[in-house]
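What follows is a short report on a single structure.
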Amino acid sequence: MVEALLTVFVTGITGLALWYSYFILWIRPQRLRDKLRSQGIHGPPPSFLHGNIPEMRSILHEHKLKQAQAEGSVSLTADYSSSLFPYLSYWKKKYGPIFMFSTGSIQILHVTHPDLVKEIGLCKSMDLGKPSYLQKDRGALLGKGILTSNGALWSHQRKVIAPELFMDKVKGMVGLMVEAALLLSNSWGTLLEHSGDATEIVVDEELRRFSADVVSRACFGSSFADGKEIFSRLRKLQMVMSKSSMLIGIPGLSIVNRYLPLKRNREEWKLNREIRALISNIVKERMEHSSESPAKDLLQSIIEGGSAIMNSDLGSAETFIVDNCKNLYFAGHETVSVTATWCLMLLASHPQWQDSVRDEVLEVCQGRKIDFDMIRKLKVLTMVIQETLRLFPPSASVVRETLQSVKLGDIQLPKGITTSTTISMLHHDHDNWGADADEFNPSRFSRGIASACRLPHTYLPFGIGMRTCLGQNFAMVELKVLLSSLLPRFTFSLSPSYRHSPAFRLTIEPEFGVPLIVKQLR
């Protein structure tokens, strides 16, 4: 009798577990899809458990075969999204600028219709926030920092961080940026003195080191030497995490990828512990040595912001400090360095624009030390940077999640939908940018962003709406300081060994590096 009852109990529990799993994995996602279909939104039919990932892989594999057959004919300025995410281009042609697809249990509404992009940018509701999978699957790199948080925590983070990146504060950081640029320039000068008038330099890591130095000096009060271990480990962590980007959302497999002691997970956990310890040590040292007259920089603001949430429901002060430092260490240098890399690649392949920028810098600066007033006068350089950000936006997409039901334009989005806008698709839209949308033409920005295209709200290198990158002023000034320091001293041309292959590694970067032939000007 007891055995029979136990059998019934176990059978019942198993049945409930299976039903719950079926509900989570199929019925609930199907209900979300039905709500979108009822509003005229369609997309590729998903499979059970994996969603559209099998088709995504199939389209990507087929595209890579075609690329291999046409090797050497890839345009330097073509839309990288058609190579990295060919399934999105395929589905857009088939279903239009608004369609849905899924990666496992994550239901995604892909949006490149200008009107709906505008609605996303105008939405002020906290019910449209950052997707929850960013904290779950990118937790080691981003945690619950300002790049991934929502609600009251995000509001507090923004209040703490934003004032330290306003233009009046960035203006005071120019001297530190110039010092870092001079170190880089001198190191290249020394290299050329020993190797002749010209040499090949793979600029990626050089520029990454420069940008890391700037972030360390300007925001954390230390040189690159103090922060290099953090940057090194963040880079390793970024490379580890970028390998599994397509697997996000598959029930069970996501848990395996996140929690089981696989080799990749063990490496990720180890790097996370080391990064956390290094940041904690920097914070501890700051707190021990600045009790009487604390430094007024971004690190100090984050420390004080962490102290302000003690005894609240916003998490621990230590997690607040560490996660936001990780966000700023990563985003503050990775996106700038990769943009500088693409910019030098484009200038090297367009010598007439390189000469124009150099002539402008020489005319404005006249051999004097670069200052903020000079930076403001560099119009041609600004146009070149803006065009680089159009052709190679460092972030692949803008993603949001409906934390509650949200209405955008005529579309009612139920809770649990992730919206995704592929930035490069918008930046290469011929209807918006003209027939030369796939070409490097900085003159389109000669009268500013508002006049560069028909719909300026679709220019999104720094994101959109309330979540627009807080560091965009910092990034633009840093890029101008770097390029205006290098171009009067060196000329750049593409090395014959350069292979053009943008790669998605959480940011869009050159897969095989950017080797340039660098020549010193006399």
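No lab work stands behind these numbers, since they all come straight from the coordinates. Bear in mind that the values here come from a model prediction, so they are computed numbers and not experimental data. Reconstructed Cβ throughout: ideal geometry from the backbone, glycine too, with neighbour counts over all protein chains shown.
For K118, the lysines whose Cα falls under 26 Å of its own Cα, not counting residues fewer than eight places away in the same chain, are K35, K92, K93, K94, K130, K159, K407, K415. Distance from the Cα centroid of the stretch 330-370 to that of the stretch 69-113 is 30 Å (rounded to whole angstrom).
Computed on the stretch 27-520, with alpha-carbon pairs under 8 angstrom and 6+ residues apart, the relative contact order is 25 percent. Take the chain and mark each of the GluC sites (Glu not before Pro) that is in a DSSP loop with at most 13 other Cβ atoms within 10 Å; the longest unmarked stretch, sites excluded, is 72-291. Sparse packing (at most 15 other Cβ atoms within 10 Å of the Cβ) combined with a DSSP loop state is found for the following trypsin sites (Lys or Arg not before Pro) in the stretch 362-418: R368, K369, K377, K415.
For the chain, with the dipole built from +1 on Lys and Arg beta-carbon atoms and -1 on Asp and Glu ones, taken about the Cα centre, which of S187, V170, G43 lies farthest toward the positive end? Checking the options against the dipole of the chain, the answer is G43.
With the helix formula -39500 (n - 2.57) applied to DSSP H stretches of n ≥ 4, the chain reaches a computed 222 nm mean residue ellipticity of -17500 deg cm²/dmol.
With one equal scatterer per alpha carbon and no solvent term, the Debye-computed log10 I(q)/I(0) for the stretch 27-520 at 0.09 1/Å reads -0.64.
Placing +1 on the Cβ of every Lys and Arg and -1 on the Cβ of every Asp and Glu, with nothing else charged, gives the stretch 27-520 a dipole about its Cα centre of roughly 1540 debye. Extension gain for the segment K369 to D438, taken as residue separation times 0.36 nm less the Cα-Cα distance, is 21.2 nm to one decimal. Free of any chymotrypsin sites (Phe, Trp or Tyr not before Pro) that DSSP assigns to a loop and that have at most 14 other C-beta atoms within 10 Å, the longest stretch within the chain is 167-511.
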